[in-house]
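The structure under discussion appears below in the form of structure tokens.
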Amino acid sequence: MTAANSAKGLTRLVGPLSLLNIALFGYVLFQPLLTTRISFFLRNDISLWQAAIDLYRIDKFLFAVVVVMGIVAPAVKMLAMTFAWYFVEASRAPHYLKWLVLLARLSMLDVMLLAILTVAFKGIGIGTVEIKPGFYFYVALVAGFLFLSLIMERMLDRMSRKER
């Protein structure tokens with residue numbers, strides 16, 4: 001029996017909300033998170049995808065780190081968690097979920113880095129940073145995935161205790 005089949009009450013929403021998170025991630029990749037303005041002339045909308053493209057031109061190593069840790073890893077985490085929810089036997093899922101929860105917790109670093117970037121631009125005083133709705137969607141994505149993974153972890157932990 002899978003976790004999706006075992007879920008009761010509000011925990012039934014974990015699967016559909018995981019699917020929603022995957023869709024939101026696809027949306028957030030291309031939406032501007034921040035708009036930077038230097039002086040009155042130079043304006044730059046920053047999205048995850050555009051940041052990766054710009055890094056490719058500047059620094060290939062940093063590009064690889066950002067793409068792997070900021071785009072590929074979160075996508076794999078969300079897909080793997082959703083797969084585990086719907087298709088992995090509930091008794092085996094906690095083993096896989098431990099790694100997913102750890103990675104989900106580490107993804108909160110993404111939001112912290114964006115916040116530091118925003119403060120740095122504003123603190124330098126050479127321009128302005130305007131936070132766009134995509135930034136809030138990104139924060140919701142990261143927090144939502146963390147919340148869903150914690151719910152799934154607790155539910156599967158309870159299930160494994162009952163089986164013992």
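The numbered conditions (1) more than 21 Å from Leu150 (Cβ to Cβ); (2) without any contact (Cβ under 8 Å) to a residue 60 or more places away in the chain are all true for Gly9 except (1). Of the helices (runs of 4 or more DSSP H) lying entirely inside the stretch 1-66, those containing at least 1 residues that are over 23 Å from the mean Cα position of the chain (by Cα), at pLDDT below 90 and of a type in the set (Val, Ile, Thr) are 48-58.
The values are calculated or read from the model by the stated rules, or taken from the named source; none is laboratory data. Here the structure is a predicted model, which means the values were calculated and not measured. Cβ atoms come from the backbone with ideal geometry, glycine included; neighbour counts cover every protein chain shown.
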